Amino acid sequence: MLNNLDIIEAIQLLDSHPNFKVIRRITPRKYFAENDGRVLSKGVVVDTETTGINPGKDAIIELGMVLFEFDPETGIAYNVLDSFDQLEAPGFPIPPEATAVHGITDEMVEGKRIDESSVEQFLEGVSLVIAHNSKFDRVFMEKRLPIFETLPWGCSFAQVDWGEEGVGSAKLEYIAYQFGFFYDAHRADVDCFALLEVLQQKLPKSGELVLKTILNSLGQKSYTIYAIGSPFDTKDTLKARAYRWDGEKKCWHITVTGDEALKAEVVWLKSSVYGGKPAKVEIEVQNCMSRFSSRTGNRAIRKI
């Protein structure tokens, strides 16, 4: 049987060989760096497991959170302060296809309920909530736990340009693999520790910490632009630029971050979609307090 020294030597040998890549199982950390006396903020990484993907009819069955300290100027994390994981019975049978993803059964959640007061206490003093796909988690969490409406949110899925950084997929498991570690995915608490580990990695091209990249976007406004009355024959052009169809408003839309991105998108719409003719677009403005939620921001019609 190999002893620890033999294993370490084998890992080092493989790591140094161009034909091999060694990945390590993540172990939850208690700290990332020693505090040198600077003033730190509190952040919380969150993840949910649910009965499905429709917030209107599905429900949270597991909530995981990891509380940590970080420097808002650098994005460096320091102490991991606490973790939280609770199950909840949804009030109806968990669909088999959901159990196949996360392994949570009706028997596991029977009689269980997420304690709202414990959640509120856990979140005291928190200045930032981060999830990997906040568009999903925030909607479910605000529906079940309204306290999450009062906190700023960031998203490691939407606010990091993984493709531009040379990472071929924005799935958390794949990102973790690219950074050299793996974990048992699809249980909320485990996913939280994995995401916190990712937040402390340097991006491959820019060299910036993942958390710092998210912090840079936090204070910027997001603009959802609805291309009202866009000509039918421009639909492929819009799709190619990552516009999505809104079935209720019957128009294409895209979300951009920052004033410069808004200006550039409006210029592109006028020239490439409306053919330089006068047109109208609807613009919805959101910030970190409402971004990724189902709550609408301020909307206005703009002539372009």
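Toward the positive end of the charge dipole of the chain, with +1 on the Cβ of Lys and Arg and -1 on the Cβ of Asp and Glu, the farthest Cα among L195, G229, V160 is that of G229.
In this structure, K270 and R244 have a Cβ-Cβ separation that, at R0 = 30 Å, corresponds to a calculated FRET efficiency of about 0.90. Largest mean-square fluctuation among A89, A100, A131, in a Gaussian network model of the chain whose springs join Cα atoms under 10 Å apart, belongs to A100. Taking label points 7 Å from Cα along the Cα-to-Cβ direction, S169 and T27 give a separation of 2.7 nm. Among the GluC sites (Glu not before Pro) in the stretch 72-108, those located in a DSSP loop and surrounded by at most 15 other Cβ atoms within 10 Å of their own Cβ are E73. For a paramagnetic label modelled on Y177 (point 7 Å from Cα along Cα→Cβ), amide N atoms under 11 Å away are absent within the stretch 1-44. Can you compute the FRET efficiency between D259 and N35 using 1/(1 + (r/R0)^6), with r the Cβ-Cβ distance and R0 = 30 Å? Round to the nearest 0.05. The calculated FRET efficiency here is 0.30.
Entry note, the chain: relative contact order of 17 percent, from Cα contacts under 8 Å with a spacing of 6+ residues. Between A100 and A300, residue separation times 0.36 nm minus the direct Cα-Cα distance comes to 67.6 nm. The antiparallel fraction among DSSP beta bridges confined to the stretch 63-209 stands at about 75%.
Looking at the stretch 151-212, what % of the alpha carbon pairs are farther apart than 18 Å? Pairs farther apart than 18 Å: 29 percent. The string of couplings for the stretch 249-262 from the Karplus curve (6.51, -1.76, 1.60, θ = phi - 60°) is 7, 6, 7, 8, 8, 8, 10, 10, 10, x, 5, 5, 5, 4 Hz, one whole number per residue in order, with x for Gly and Pro. Here the Karplus relation 6.51 cos²θ - 1.76 cosθ + 1.60, evaluated at θ = phi - 60°, turns the backbone of the stretch 77-94 into coupling constants of 8, 10, 7, 8, 8, 5, 9, 9, 8, 9, 9, 8, 6, x, x, 7, x, 6 Hz, with x for every Gly and Pro.
Annotation: amide H of S290 has no partner in the under-5 Å range at sequence separation 5 or more or interchain, hydrogens built in the peptide plane. Between L128 and V44, the built amide H atoms are under 5 Å apart, and every one of these is 5 or more places off in sequence or on another chain. Loop-located GluC sites (Glu not before Pro) in the stretch 9-59 (DSSP state other than H, G, I, E, B) with a sparse environment of at most 16 neighbouring Cβ atoms within 10 Å: E34. The phi torsions of the stretch 229-239, fed into the Karplus equation with coefficients 6.51, -1.76 and 1.60 and a -60° offset, translate into couplings of x, 5, x, 4, 6, 9, 4, 5, 5, 5, 4 Hz, rounded to whole numbers, with Gly and Pro shown as x. If you run the Gaussian network model on the chain, springs between alpha carbon atoms under 10 Å, then out of K212, K42, K235 the most flexible one is K235. Dipole of the stretch 222-303 computed with +1 at Lys/Arg Cβ and -1 at Asp/Glu Cβ about the Cα centre; of A242, I283, G258, farthest Cα towards the positive end is I283.
The residues D58, D115, when put in order of fewest to most other Cβ atoms within 10 Å, stand as D115, D58. Charged side chains reduced to their Cβ positions (Lys and Arg at +1, Asp and Glu at -1) give the chain a dipole of some 1760 debye around its Cα centre. Of the GluC sites (Glu not before Pro) found in the stretch 248-304, those that fall in a DSSP loop while having at most 14 other beta-carbon atoms within 10 Å are E248. Amide H to amide H, with H built 1.01 Å from N, Q86 comes under 5 Å of L63, counting only residues 5 or more places away or on other chains. Between the alpha-carbon centers of the stretch 62-100 and the stretch 104-178, tell me the distance in whole angstrom. When both Cα centres are located, 7 Å separates them. Relative to the current alpha-carbon distance between Q121 and E149, full extension at 0.36 nm per residue lengthens the span by 8.5 nm. Label sites at A185 and E208, each approximated as a point 7 angstrom past Cα along Cα to Cβ, lie 2.5 nm apart. Take each peptide in 189-199, 74-84, count the other Cβ atoms within 10 Å of every residue, and average; sorted highest first, the result is 189-199, 74-84.
Mean residue ellipticity at 222 nm, helices only, the chain: -7500 deg cm²/dmol; runs of at least 4 DSSP H residues each add -39,500 (n - 2.57), and the sum is divided by the number of residues. Out of [x] 36, 26, 21; [y] 36, 19, 17; [z] 29, 23, 18, which label holds the value of semi-axes √(5λ) of the Cα gyration tensor in Å that was computed here? So the calculated entry is the one marked [x].
Checking the cross-link pairs K42/K202; K143/K212; K57/K249; K205/K277 against a 32 Å limit on the alpha carbon distance flags K205/K277 as lying beyond it.
Highest GNM mean-square fluctuation among C155, C251, C288, for the chain modelled with Cα contacts below 10 Å: C251.
Read-outs throughout are calculated quantities, based only on the coordinates presented, and are distinct from any laboratory measurement. Source: prediction; values computed, not measured. Cβ: placed from backbone, ideal geometry, glycine included. Neighbour counts: every protein chain shown.
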